[in-house]
Amino acid sequence: MAGRIIPINDWAPAQQAIYDETPSSGHDSCFQRRESVGAALPKEKRSRSVSVSLLFRHRPRSSVFHIDDDAASRSRPLALSKSKSHQELHAAGTAARDSARTTSDASKFEPPLTFRRFIRRASLSVKSGVMGMINRRTSVPAPITLEDHEQAPFRHRRLTSSHATSRPTTAHSTWHRLRQAASFHRQSRVLHTGHDGHDDCAYGLEAIESPTFPVPGSGEQPPIIPRNTGAAARLAAANAHNSFHEPGFLVPPSLGRSGYPADEGLNDYESGIGIALTSSEVELYVPSTEVDSDVDVGVEGAGDDPDISKIDFVSRLPVELAVQVLSYLDAQALAAASRVSRTWNWVVSNQHVWRESFLREKTGTYATSGPVKPGTGLGIPTVQPSNNWKEIYRVKEELDRRWKEGKVRPVYLNGHSDSIYCLQFDEFKIVTGSRDKTIRVWDMHTFACKLVIGPPDVVNDPALSLLYDEDGNPVHYATLPESDASPSANDGQARPSTRTYPSTPALVSFPMHHNASILCLQYDDQILVTGSSDSTCIVYNIRSGYRPVRRLRHHTAAVLDLVFDDKHIVTCSKDVSICVWDRETGNLIRQLRGHSGPVNAVQMRGNTIVSCSGDFRVKLWNIDTGKNIREFSGHTKGLACSQFSEDGRYVASAGNDRVIRVWDANTGECVREIRAHQNLVRSLHVDSVSGRLVSGSYDTDIKVFDMETGRQILDFPRWHNSWVLSAKSDYRRIVSTGQEPKILIMDFGAGVRGIEMLETRPAGKQQGIVEGEYI
């Protein structure tokens, strides 16, 4: 059936009334618009199909509902007394609307618009609608002020922010309402309440404008979410349903719904009611300048959440579980926990708590294959029932602090008669090799020299007198800082140097011995291997009193460095070759050639050997195949030393170009370049546990670097009077030797109460006191 065609003279006057309408606020605007439209079109000429098809037909918008004062006052007696039915209330509303229509019939309109004027205004409306949708910032509802509860019991109330003003609105003009009615803003059309046969304005519901699109935050205001989407739409629909579809009456929010508690009024749990929405009225807390901004002082709700249970779990849990929980804290947290209560203090004092915390916090490493194992001589003592782990933790913390601050006590050991080329030490002893052709063993705690091993012409020659000087004093002694020459407090004169810890070592010479300088050495708990300028190496059995076992002969020049593990002994020489020997038999397995200069240093990790030479190159070798697998290029002068990290990831090298380079062993990339010394860098030592790199140079300085960053941590300038030839370190000390016949011990643990608790306690005899007649 064809739709009915309405002449323009019938409906144009109604549009003129919309154009000339003045903006109004509140619920009265809704009645005024309806009255104008009713007057323009007589009842018998209005068609349902016409009203639906008109572009300019105004439709009520409602995303937030609130009831006007008049409607509230009319409905209160009905709600409280229940003397009138819902039908009576409906009849009263109908009568009010009929009265409004009768009054509007008497009103007069201005002469109707011409067709040309209408078309022009309609085109401007379309243009403004399109441009407004593109450029105009969407509007938000203006805040509703707080009203007295007694005067507006049915009205929804909303608190506005006391710290920020509301956003300005731009939706108050007739043209805006006309554009909203057009099809260009489909998203902003509002939902009807669904109350069939009743006009929304009869219940005092005014149209509240909603944003068309989400508006991002501006930095000063939070983002705006359109209220006709998501949870807001469900909230509006549910509120309308709960408010107007109760069978008996309108239920005030404060009274609650029938059968529900008062605080559950107007809640629809299936439609997501109660979801907090971001709006322009969010109250922001700005801390006062008089208080710490990290503490919310004087803000409502800033206190602890009352719903959070506060339970003393240490008192309520079994002791075993409480101990297990507290063992995950570090020393600082445990100290704080011990002050909570006597019960907490008692549980924290459990040795299991401190042992687990210590082993977790203090066994981490920089470049090892795993955490430090207890009892390996790396500052983690053997796990024993008698250990006081709390005190051990304290000692370790104090030792770490001294390393950071550089607090150290120097001790000089005297006894050698010439330059000391090489050394190795542990917690109990130091072994040194010298140009005087002797090997000497020193006690780390008493600073006494225990053993001198040398050729017969040196050991048995009374003219050399290895034990006493011309005045009959022992030549082996120590010099500590408290006995060094220093100005006297009384006379201001320097006191003479005083010898302390004098000792008389055992002298021994074997048929198998070195006839030249001892240039390199290494030992473990079974054997000692030395290399000499006589181009040979000798293997000694430590457990039988340092008796020689075999000599290794193949090099044709001085043996400059050596290293061994459980299977192999690797040596390097001035003859530009590297030899690989079988540890058990002493047989030569293979000889590696590839360097074009003296091979000054060699190190080994697993089946990989690293070597450096005077030809400026660092090379990696496969010990099983003998092939050169990688070469590091970058140094500009001859190299003197190279070191592997314990896990084999890094290689450090240095030499005559005064630059320390740290290489990635897997890629060959130089990851760190350190320029610190003013002369040839003669010695390097990588502490893979702490990540410290210790260097010694011909500039007489000893420096400590952080391998991770390359930053210099410590500097000990001119603690030697001449070239530094060797420098090594462990968790507590740095021990170095040089061209002068002295051994320098820099002890960071000296003076720390209980420092001996970090040492490994071997079963049986003290390490360093071995079987045999000499020690």
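The values are calculated or read from the model by the stated rules, or taken from the named source; none is laboratory data. Values in this document were obtained by computation on a predicted structure and should not be read as measured data. Cβ: placed from backbone, ideal geometry, glycine included. Neighbour counts: every protein chain shown.
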Selection count, the stretch 519-536, where residues are hydrophobic (A, V, I, L, M, F, W, C) and over 15 Å from Ala601 (Cα atoms): 3
Within the stretch 570-629, which residues are among the basic types (Lys, Arg) and either in contact with a Pro (Cβ under 9 Å, 6 or more places away or on another chain) or under 28 Å from Ile660 (Cβ atoms) (or both)? Lys574, Arg593, Arg605, Arg617, Lys619, Lys627
Among the residues that make up the stretch 633-645, is at least one of them crowded, with 18+ Cβ neighbours inside 10 Å and free of Cβ contacts under 8 Å to residues at least 40 places away in the same chain? yes
In the stretch 548-564, which residues are more than 20 Å from Ile430 (Cβ to Cβ) and part of a strand (DSSP E or B)? Pro548, Val549, Arg550, Arg551, Leu552, Arg553, Val559, Leu560
Report yes if some residue within the stretch 572-592 is within 43 Å of the chain's Cα centre (by Cα) and not assigned by TED's automatic domain parsing to the domain that holds Ser369; otherwise report no. no
Out of the stretch 393-426, which residues are within 28 Å of the chain's Cα centre (by Cα) and in contact (Cβ under 8 Å) with a residue 24 or more places away in the chain? Tyr393, Arg394, Val395, Lys396, Glu397, Glu398, Leu399, Arg402, Trp403, Lys404, Gly406
Has the stretch 440-454 got at least one residue that is basic (Lys, Arg) and at pLDDT 95 or above? yes
Select, from Glu646, Glu631, the only residue that is under 25 Å from Trp581 (Cβ atoms), outside the structural domain of Pro374 (by TED's automatic domain parsing) and part of a loop (DSSP other than H, G, I, E, B). Glu646
Residues satisfying the stated conditions in the stretch 568-616, i.e. charged (D, E, K, R), within 15 Å of Ile629 (Cα to Cα) and either free of Cβ contacts under 8 Å to residues at least 24 places away in the same chain or not in a strand (DSSP E or B) (or both): Arg593
